[in-house]
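The values are calculated or read from the model by the stated rules, or taken from the named source; none is laboratory data. Only a predicted model underlies this, so the values are computations on that prediction, with no experimental measurement involved. Cβ sites come from the backbone with ideal geometry, for glycine too, and all protein chains shown count toward neighbours.
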């Protein structure tokens with residue numbers, strides 16, 4: 001067998017293996033989307049079927065009429081976007097400082113920052129609740145924005161940005177200094193434009209983390225108008241306590257699809273950022 005044939009065979013086997021491994025993740029998503037357009041009795045029909053001969057979009061309209069789902073959708077979007085922007089700013093500044101500025105205790109301080117990754121949110125949720133309660137921020141979005149933007153996701157983002165910046169050649173910084181650039185200008189005009197892959201990875205990770213938050217909104221929010229999507233999905237029950245399966249699946253589909261689209265579009269930059277391969 002020639003080397004070309006072996007290469008083709010390896011590629012076919014790899015694609016086949018990846019396709020088989022993707023089945024447990026893809027099939028439930030396809031079923032969710034298909035069931036969201038089925039009448040309620042067909043969801044539990046035996047034997048089950050993937051498609052329906054009588055598709056309907058009534059569950060999607062019910063999702064918006066049962067509770068303020070549009071407002072909750074906007075809440076999730078603007079909180080996730082704001083958290084992502086703050087995290088990008090803070091992590092890129094901190095990552096640049098840890099990677100390019102030499103000061104006493106830099107490595108020890110960075111280790112202290114990394115300890116934040118080892119502390120679960122359940123440990124800090126009670127003291128944070130007391131702190132935000134004294135500040136009058138309970139039942140507002142401020143705790144979700146501040147805690148998410150400056151806690152765990154930001155620590156991981158700082159680590160990613162530091163590792164990316166530390167791999168850039170020192171000649172870039174020296175050339176910028178010869179042109180009279182100070183630290184802020186070096187960060188803004190030289191390092192940030194080169195860090196697009198790392199910034200993309202940080203943006204996707206942070207957006208997904210904020211989008212999927214459930215514990216923090218449950219603790220800090222009490223008004224349905226302020227709820228985010230994970231909270232909203234748990235409230236699709238009828239007046240008798242029964243589950244509105246098709247409505248809940250429609251709401252879940254509207255919640256998941258935008259995230260999947262963003263990831264598919266930006267996955268190349270995401271992989272590049274995690275692999276720190278911004279320089280060829």
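Worth a mention:
- Filtered residues of region 181-199 (kept if surrounded by 20 or more Cβ atoms within 10 Å (Cβ to Cβ) and part of a helix (DSSP H, G or I)): 187, 191, 197, 198, 199
- Pairing residues of region 127-155 that are touching a residue at least 24 places away in the same chain (Cβ under 8 Å) and on the phi > 0 side of the Ramachandran plot with residues that are in a loop (DSSP other than H, G, I, E, B) and buried (at least 17 other Cβ atoms within 10 Å of the Cβ), at Cβ distances under 9 Å and at least 6 apart in sequence or on separate chains, gives 139/221.
- Within this structure, residue 178 passes the test of being at pLDDT below 90 and out of contact with any helix residue (DSSP H, G or I) (no Cβ under 9 Å at 6 or more places or on another chain).
- Selection count where residues are in a helix (DSSP H, G or I) and surrounded by 10 or more Cβ atoms within 10 Å (Cβ to Cβ), scope region 29-47: 10
- Residues satisfying the criterion are present in region 132-154 (criterion: over 19 Å from residue 206 (Cα atoms), assigned to a helix (DSSP H, G or I) and touching a helix residue (DSSP H, G or I) at 6+ places or on another chain (Cβ under 9 Å)).
- Selection from region 46-92 of residues that are closer than 30 Å to residue 191 by Cβ and out of contact with any helix residue (DSSP H, G or I) (no Cβ under 7 Å at 6 or more places or on another chain): 77, 78, 81, 85, 89
- Matching entry among 118, 50 (being exposed (fewer than 12 other Cβ atoms within 10 Å of the Cβ) and either modelled with pLDDT of 90 or more or within 27 Å of the chain's Cα centre (by Cα) (or both)): 118
- Hits in region 151-169 - residues which are at pLDDT 85 or above and either within 16 Å of the chain's Cα centre (by Cα) or loosely packed, with under 15 Cβ neighbours inside 10 Å (or both): 154, 155, 156, 157, 158, 160, 166, 167, 169
- Any helices (runs of 4 or more DSSP H) falling wholly within region 206-280 and containing at least 1 residues that are surrounded by fewer than 16 Cβ atoms within 10 Å (Cβ to Cβ), in contact with a helix residue (DSSP H, G or I) (Cβ under 9 Å, 6 or more places away or on another chain) and at pLDDT 75 or above: 215-220, 245-275
- Verdict on residue 124 being surrounded by 14 or more Cβ atoms within 10 Å (Cβ to Cβ) and out of contact with any helix residue (DSSP H, G or I) (no Cβ under 8 Å at 6 or more places or on another chain): yes
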